[in-house]
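Okay, structure first, notes after.
The values are calculated or read from the model by the stated rules, or taken from the named source; none is laboratory data. Since this is a predicted model, take the numbers as computed values, not measurements. All Cβ positions, even for glycine, are placed from backbone atoms using ideal geometry, and neighbour counts span all protein chains on display.
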Amino acid sequence: MLYKILPRDSYQSFVENLIRNFDFIGPKRKDKATHEFTKITSFGELDLSYKKTTIPPAKQILFPSTEEIVEYRREDNSIEFRPVVEHSLKLLFGVHSCDINAINFLDKVFSTDFSDDNYLSKRRNMVIIGTDCEPRETCFCLAMGKEYVTAGFDLFLSELTNRYFVRVATSQGNKLIEKYASGISSAGEKDFKEYNEKIGDFRKKFKLSPDAKSFYDNFDLIYNDEEFWKKVAKNCFSCGSCCLVCPTCFCFNVRDEIELNLKEGKRIREWDSCMIPEYGLVAGGHNFRPTKENRLKQRYQCKLKTFVDKFNTYACVGCGRCIETCLANISIASDIDSVRKEVTV
Amino acid sequence: MSGKPKVGIFGFTGCGGCQLEILDAEDKLVDLASAVDIVHFTEAITEHSDDYEIALVEGSISTNHDVERIKKIGSIAKIIVAIGACACTGGLNCLKNLYGVEKAKELVYGDKKDWIDAIETRPIDEYVKVDYYARGCPPNRFEILQIVKALILGKKPEIPNYPVCVECKRLGNTCVYDLGMTCMGPIARAGCEARCPSNGSGCEACRGVIDEPNVNAQKDLLAERGLTVEDIMEQFNLYNACKKLV
């Protein structure tokens with residue numbers, strides 16, 4: 001890691017240079033309730049004060065909700081396939097630490113056990129510039145150990161008095177500031193001190209602090225407690241929103257679309273969710289997870305246990321999107337604590 | 001199914017918009033006509049034949065004459081596809097049942113009410129076995145075509161049994177609840193590409209509800225947002241009064 005200082009006076013021209021030279025995706029106000037990551041064409045459109053995007057920025061691009069993966073054509077006795085892989089260079093600006101940690105998780109998922117070309121080709125062609133944030137009511141990244149990120153980005157900008165503390169994680173990132181920013185210098189003792197104070201203050205601002213380790217340790221004890229899970233899932237709509245807005249959820253379904261001439265078609269993958277009853281449905285009509293309590297338990301297990309065993313990390317970065325989106329007021333943060341309370345009384 | 005399947009497209013009680021929706025598939029119509037033989041299409045062709053394998057049926061059953069006709073279609077067709085809200089759930093027409101048939105006849109036709117052969121409105125699956133449902137008001141023309149394609153290929157059509165919320169999230173829509181409105185999306189069946197929420201208004205469940213709707217949670221949600229019991233009943237009943245969800 002290199003640590004540099006970008007003077008505030010140079011910030012706007014640096015961003016404008018990036019906008020001019022890249023397919024620049026950043027946060028922009030969408031409506032009175034939300035922001036969205038979208039193509040930015042001028043500095044004024046960019047709004048780094050954003051608190052919430054419905055869909056996580058990188059997931060939207062690297063693993064889009066609906067993606068064509070194969071085109072095919074049938075002849076009388078043959079069938080021809082053509083893989084469809086998108087990989088244009090994109091620059092993603094203004095991504096928060098939790099969401100970069102989520103990208104690091106997805107990178108593992110899409111490159112371990114099998115190599116997903118559709119994801120990885122886009123990932124290899126993505127420049128990521130992170131920026132600081134202010135915790136919302138529903139944020140608990142600190143409790144998940146995801147409030148700070150040390151890899152997965154090219155540059156990370158933290159605003160200090162009259163300057164930006166820039167962490168440079170890749171040679172690509174270094175080239176970007178050398179080429180597009182003016183007045184760059186190396187960070188000194190005073191800069192580190194202010195930066196560390198800022199990070200320290202940031203860590204004090206969180207309201208939610210669920211004990212995920214206790215969930216991991218006690219999950220087996222509560223696994224078969226049907227009453228507990230029924231209570232937790234009582235209002236669940238099985239609508240899947242929690243998974244669909246989750247920056248680490250990666251499940252997808254694959255379907256074929258064929259033209260009316262019955263010759264040409266495409267294979268499409270689209271976001272799926274373990275909260276939807278059909279997810280557990282198999283041939284013959286058996287459903288492995290027939291009830292909403294089965295499904296919610298599975299989701300929590302996947303987030304807080306399965307991937308601790310597999311990748312030594314939680315599959316939850318504490319971004320709080322699932323809590324905000326849930327119309328049934330189900331909160332993973334409260335439920336983590338409910339498990340602890342249930343086993344300790 | 002061997003050879004080109006013969007298809008009949010029929011209309012019952014409703015606005016007739018579902019048949020128009022098929023005609024609106026404009027650039028796909030030639031392909032459709034070459035993939036199947038259309039032997040009856042009330043709104044589009046004058047020819048008629050009683051020899052068909054697939055019946056696409058729009059409209060609800062609301063007269064004794066409708067009952068006779070749908071039973072005849074049921075005795076001929078090997079596969080029946082209900083098209084649109086009226087055929088699938090009874091649709092808006094079911095609101096009539098809430099008044100009682102006699103009262104509704106009187107309200108609309110006054111002293112001529114005895115001229116009218118009306119019965120309680122029902123979706124078509126109360127009289128014949130329906131194999132597939134292309135739901136919605138109006139239905140999605142691409143979904144109708146997709147069902148026809150699946151039937152020609154001998155596949156089971158994929159019809160969503162998940163709520164509209166899924167489509168909103170796939171589209172990146174801001175939740176209409178966050179914009180201060182209410183929506184039946186959490187229990188309403190998807191397949192419309194979240195048409196109403198994508199255009200700034202709440203879903204009214206015109207495609208009916210998913211197989212396992214959490215009706216109590218939906219009532220709680222609407223009550224939490226300030227709706228009265230009457231308002232909540234209205235939301236549930238608009239397209240789904242025949243299903244007696246509340």
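Filter region B:113-131 for residues that are surrounded by 17 or more Cβ atoms within 10 Å (Cβ to Cβ) and in a helix (DSSP H, G or I); which is farthest from the other protein chains (Cβ to nearest Cβ)? Of everything passing the filter in region B:113-131, B:ILE124 is farthest from the other protein chains (Cβ to nearest Cβ). From the residues in region B:27-55 that are touching a residue at least 40 places away in the same chain (Cβ under 8 Å) and in contact with a Gly (Cβ under 7 Å, 6 or more places away or on another chain), which one is farthest from B:PHE10 (Cα to Cα)? Across region B:27-55, the extreme among qualifying residues is B:TYR52.
Restricting B:GLY185, B:GLY191, B:GLY226 to residues that are assigned to a loop (DSSP other than H, G, I, E, B), buried (at least 20 other Cβ atoms within 10 Å of the Cβ) and either free of Cβ contacts under 8 Å to residues at least 24 places away in the same chain or of a type in the set (D, E, K, R) (or both) narrows the list to B:GLY185.
In region A:62-88, the residues that are surrounded by 14 or more Cβ atoms within 10 Å (Cβ to Cβ) form Cβ pairs under 6 Å with partners that are modelled with pLDDT of 95 or more and aromatic (Phe, Trp, Tyr), at six or more places apart or across chains, as follows: A:LEU62/A:TYR119; A:PHE63/A:TYR119; A:SER65/A:TRP271. Looking across region B:150-182, the residues that are surrounded by 17 or more Cβ atoms within 10 Å (Cβ to Cβ) and more than 9 Å from chain A (Cβ to nearest Cβ) come down to B:LEU151, B:PRO157, B:ILE159, B:GLU167, B:VAL176, B:THR182. Restricting attention to region A:295-319, the residues being surrounded by 23 or more Cβ atoms within 10 Å (Cβ to Cβ) and assigned to a loop (DSSP other than H, G, I, E, B) number 6. Filtering region B:148-172 to residues that are among the small types (Gly, Ala, Ser) and under 26 Å from B:ILE80 (Cβ atoms) leaves B:ALA150, B:GLY154. With respect to (1) buried (at least 22 other Cβ atoms within 10 Å of the Cβ); (2) not in a helix (DSSP H, G or I), the lone exception for B:CYS86 is condition (2). Condition check for B:ALA134 on (1) away from chain A (no Cβ under 14 Å); (2) touching a strand residue (DSSP E or B) at 6+ places or on another chain (Cβ under 7 Å); (3) over 18 Å from B:LYS244 (Cα atoms); (4) surrounded by fewer than 24 Cβ atoms within 10 Å (Cβ to Cβ): one failure, at (4).
Among the candidates A:ILE332, A:ILE268, the residue that is surrounded by 19 or more Cβ atoms within 10 Å (Cβ to Cβ) and aliphatic (A, V, I, L, M) is uniquely A:ILE332.
Let's see how each residue does on (1) modelled with pLDDT under 95; (2) within 14 Å of chain B (Cβ to nearest Cβ); (3) touching an Asp or Glu at 6+ places or on another chain (Cβ under 7 Å):
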position	(1), (2), (3)
A:SER10	no, no, no
A:LEU18	no, no, no
A:ASP23	no, no, no
A:PRO27	no, yes, yes
A:ILE40	no, no, no
A:PHE43	no, no, yes
A:LEU46	no, no, no
A:LYS59	yes, yes, no
A:PRO64	no, yes, no
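If the requirement is being touching a Lys or Arg at 6+ places or on another chain (Cβ under 7 Å), more than 21 Å from A:ASN101 (Cβ to Cβ), surrounded by 14 or more Cβ atoms within 10 Å (Cβ to Cβ) and among the charged types (D, E, K, R), which of these qualifies: A:ARG163, A:ARG136? From the options A:ARG163, A:ARG136, the qualifying one is A:ARG163.
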